[in-house]
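The values are calculated or read from the model by the stated rules, or taken from the named source; none is laboratory data. All values derive from a computational prediction rather than experimental measurement. Neighbour counts are summed over all protein chains in view; Cβ atoms, including those assigned to glycine, are modelled from backbone coordinates with ideal geometry.
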């Protein structure tokens, strides 16, 4: 990827993987959405209290990212699709994309089960093939955060079977996203705030 597309803060605090020139497409063809994404990533911090808090339906980490994107006009979006073969039509709805705006789809996989990555990448592939999205983005966590979770006594809640970078990369490298340009950001320990 062209590192010139990203501010130094993001390059220093996120693990970044860019497939099929996703960042170039975003910065040149979708500058407003690109600015939103950059702003959210620069503003995000991983607070100790968010990690130590007992689980619920949605973690404070995911909620923080939700609030940031929703405040910028991004919406959760399900696409109603229909497949027709020889005049026989069947509904084939997609799963809801966490944030959608102007042909850009974003998924946050903070601490879900690994199959969520398969679901997200398959969804990106299908929506790209249907010419509904131009770029898919996944925000997840770097493997190095496991050390912090372990130190805080929360390691078992963020185990090897949950979503993190080393579970995503083999899928990406194996072509799970099809032809869709995909950009991945892995939250690093540099964003951790001990407070």
Exception for residue 150 within (1) out of contact with any helix residue (DSSP H, G or I) (no Cβ under 7 Å at 6 or more places or on another chain); (2) over 23 Å from residue 12 (Cβ atoms); (3) modelled with pLDDT of 85 or more; (4) assigned to a helix (DSSP H, G or I) falls at (3)
Look through 16, 37, 83 and report the one residue that is farther than 20 Å from residue 184 by Cβ and either free of Cβ contacts under 8 Å to residues at least 40 places away in the same chain or under 16 Å from the mean Cα position of the chain (by Cα) (or both).
83
Unmet criterion (only one of (1) more than 22 Å from residue 26 (Cα to Cα); (2) surrounded by fewer than 18 Cβ atoms within 10 Å (Cβ to Cβ)) for residue 163
(2)
Taking the stretch 153-174 only, how many residues are over 17 Å from the mean Cα position of the chain (by Cα) and in a loop (DSSP other than H, G, I, E, B)?
6
Residue under question is residue 143, and the condition is that it be farther than 27 Å from residue 79 by Cβ and in contact with a helix residue (DSSP H, G or I) (Cβ under 8 Å, 6 or more places away or on another chain); does it hold?
yes
Which numbered condition residue 127 fails, given (1) part of a strand (DSSP E or B); (2) at pLDDT 90 or above; (3) more than 19 Å from residue 173 (Cα to Cα)
(1)
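For residue 102, are the conditions met, namely being at pLDDT below 85 and over 15 Å from residue 172 (Cα atoms)? First the steps, then the outcome.
On the way: at pLDDT below 85: no; over 15 Å from residue 172 (Cα atoms): yes.
Judged against the criteria, residue 102 is not a match.
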All conditions in (1) in contact with a strand residue (DSSP E or B) (Cβ under 7 Å, 6 or more places away or on another chain); (2) loosely packed, with under 12 Cβ neighbours inside 10 Å; (3) part of a helix (DSSP H, G or I) are true of residue 12 except (1)
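Helices (runs of 4 or more DSSP H) wholly in the stretch 16-121 with at least 2 residues that are buried (at least 18 other Cβ atoms within 10 Å of the Cβ) and touching a helix residue (DSSP H, G or I) at 6+ places or on another chain (Cβ under 9 Å) - which ones?
On the way: elements: 22-29, 31-43, 48-52, 60-70.
Because the criterion is at least 2 residues that are buried (at least 18 other Cβ atoms within 10 Å of the Cβ) and touching a helix residue (DSSP H, G or I) at 6+ places or on another chain (Cβ under 9 Å), the helices (runs of 4 or more DSSP H) in the stretch 16-121 that meet it are 22-29, 31-43, 60-70.
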